[in-house]
Each structure stands twice: as C-alpha cells, then as structure tokens.
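Since the structure comes first, as structure tokens, the remarks are kept for the end.
The values are calculated or read from the model by the stated rules, or taken from the named source; none is laboratory data. Being a predicted model, the structure only gives us computed values, none of them experimental. Glycine also receives a Cβ, built like all others from the backbone with ideal geometry; neighbour counts cover every protein chain displayed.
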Ligand code: FUB
C-alpha cells in the first residue's frame, strides 16, 4: 500500500499538475470537526487550502502552507471542497467550490503569480457556475475548459433547469427503468480564465451500445470528481461513481464529448469518497487519489497518495504492477 504524500495534515481530492518542472498537488485540506456525519456531506467542513509539491515521484514533498482561506473569499459561507489549478498567460488560477450565503455550491477562482500561491480570490463566484469539483483542462491549442458537478451534497440534481431546486437537496438522484443518469458539466473558459465563455453544457457518457449510461447503473454512472486528460490524441474523462466507490473513465474524440465508458481505474479504497487526478511526468503517468488508511477509516479525514498507471495498446488504463 503506498504511503500518504504527507501525514502532518489530512489531504484529499488531489488535483496534480506539472508546473515549472515539478509536480504540484492541489488537495482539499480535511479537518476534524464535531459536525454529525450525514449523506449531505456536512462533515466535510474544510476551511482552507494548502498546496503540495514534489520534484520527483517518491521524493520529498513540500507543503507550501495556506494558499487561500475561506474567510478571505467574500462570497463563501463554508465548505471549501475539491479544488483544481491551471496556468495560462503567466498566471496561476485556483478553482474551488464552496457554499455561498444561501447554502448553494458555486465555483470561484483565485489568481496568483506562483503555482503555490498565494491566490487572490475574485469577489464573486464564476457567473453561471454551480455544484462542485471543478477540474480545469487546457488543450494543446490553448483553449481551456472547466468540468464540474457532483451529486447528493454536491447539489447537481438541484440543477435540472437554470434555477436551483432546493427540494432536490440532499442524497437524491434520478432512478427508474431507462432513466438516464445525471451528466457532468463543462464550460469553455474565457481567455482570462476567470469566467465562462460558453453556456454550461452536459457531457454525454455512453455505454458500448452508444446509449447514455442509465441512472440505476451505479457502477458506471457519473457521481462526482471530474478529471480530464489527453493521452495519444484521445480525451479521457474520469470520475467517481460515488456510492459504489469506483474511479472510472470514458474516452472521446473531443474535450466536449461524447465519451464512451472505458473501464475502472481504481477499485474502492478505505473510506466513502474516492477522487483523483491523472498527470504525466517525465514520460510516466500517475494517478493521484486519496484513502482513509491514516485516519483508520474516518470518511472525512483522508490522505493523498499516488500510484503509477499504464496504458495498453488499446489505450485501456490499469495500475502499473510494480509501484
Ligand atoms: O472533499 C469533499 C468532497 O468529497 C469532494 O468535493 C468530493 O469529490 C468528495 O471527495
């Protein structure tokens, strides 16, 4: 079993990128609270972000300290959940979900000059954003995208129209014979990376027959933890299946989909949530993920780990045998 990247704090939801020749990891910073556990995720009550970096896999990990605090973001009321980062135009952008003053999850952006921050937040969330788990992707042509969405406490099921439906809050989602699953979202990012330059679109995840994955197919339907990477000219959209605890992926020809389900990357880990990122570093590919081994199974006290992954000749992903 791999060791956590760091043990002096709990970390989760790792978004890894190679910036300036090093691996930078943007995790959630889990903390102990006395909030009652529930299926709405209230116990995930994080209040700041730290940025980690490492010069090589297996090498020492630096905790760069606090990069952004909830109290520094005017629109945030609570719950700094899974973040991501991107670079463009010589700046670094931290994307983060949090609840606003009405308890609705929105996505914010904060800007810095260095990969480790500090980051200065925009005073309002990104207009048109909602739900959780932003994942940025800058394509080879320089066009940037923001993927997002998460069910249950992440409120994606409250957004079947452009108005928030509070009656769908909590651990709810569609179900029933033939009913399609809720779809993750994507928006094109503006040139300055701080707003959406397109409508929010749904990303289709299809089965081998070309049909949308169904809501009752909990082993394959999207739940949360979107990630996008490109391998061998193809777009890999990966995600968590939530209550069945798999990390799964789907492959497409365009960053906007459609994507065809491709398989599982990781079986369930200790803990309820599973969340990840995939990054290439010096010719090898790595999966960053979390589990609850360090906290001995406390669901909201997680630790980030990494493992090498490999692709077969058909582009299918598996964990490398030797770690
Ligand atoms: O860390 C809080 C939430 O738990 C994340 O936003 C989800 O992806 C899940 O990991």
Review point. Can you name every residue in the range 10-47 that is within 13 Å of the ligand (Cβ to nearest atom) and not in a loop (DSSP other than H, G, I, E, B)?
Key: 10, 11, 12, 13, 14, 15, 26, 27, 28, 29, 30
**Study point:** Unique match (being within 22 Å of the chain's Cα centre (by Cα), away from the ligand (no atom under 16 Å from the Cβ) and part of a strand (DSSP E or B)) among 239, 235
**Key:** 235
Review point. Here are some conditions: (1) within 21 Å of residue 235 (Cβ to Cβ); (2) not in a loop (DSSP other than H, G, I, E, B). Residue 182 meets all but one. Which one does it not meet?
Key: (2)
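Please work out if residue 125 is in a loop (DSSP other than H, G, I, E, B) and either buried (at least 22 other Cβ atoms within 10 Å of the Cβ) or touching a helix residue (DSSP H, G or I) at 6+ places or on another chain (Cβ under 6 Å) (or both).
On the way: in a loop (DSSP other than H, G, I, E, B): yes; either buried (at least 22 other Cβ atoms within 10 Å of the Cβ) or touching a helix residue (DSSP H, G or I) at 6+ places or on another chain (Cβ under 6 Å) (or both): yes.
The answer is yes for residue 125.
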Check your understanding: Given the conditions (1) buried (at least 23 other Cβ atoms within 10 Å of the Cβ); (2) away from the ligand (no atom under 15 Å from the Cβ); (3) more than 19 Å from residue 277 (Cα to Cα), and given that residue 112 satisfies all but one, which numbered condition is not satisfied?
Key -> (1)
Practice item. Answer with yes or no whether residue 85 is within 26 Å of residue 279 (Cβ to Cβ), touching a residue at least 24 places away in the same chain (Cβ under 8 Å), out of contact with any strand residue (DSSP E or B) (no Cβ under 6 Å at 6 or more places or on another chain) and within 16 Å of the ligand (Cβ to nearest atom). Key: no
Practice item. Can you confirm whether the range 167-180 contains a residue that is in contact with a strand residue (DSSP E or B) (Cβ under 6 Å, 6 or more places away or on another chain), over 17 Å from residue 148 (Cβ atoms) and modelled with pLDDT of 95 or more? Key: yes
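Each row is one residue, and each column tells you yes or no for (1) surrounded by fewer than 24 Cβ atoms within 10 Å (Cβ to Cβ); (2) on the phi < 0 side of the Ramachandran plot; (3) more than 16 Å from the ligand (Cβ to nearest atom).
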{"residue": "59", "(1), (2), (3)": "yes, yes, yes"}
{"residue": "79", "(1), (2), (3)": "yes, no, no"}
{"residue": "96", "(1), (2), (3)": "no, yes, no"}
{"residue": "102", "(1), (2), (3)": "yes, yes, yes"}
{"residue": "118", "(1), (2), (3)": "yes, yes, yes"}
{"residue": "134", "(1), (2), (3)": "no, yes, no"}
{"residue": "141", "(1), (2), (3)": "yes, yes, yes"}
{"residue": "156", "(1), (2), (3)": "no, yes, no"}
{"residue": "161", "(1), (2), (3)": "yes, yes, yes"}
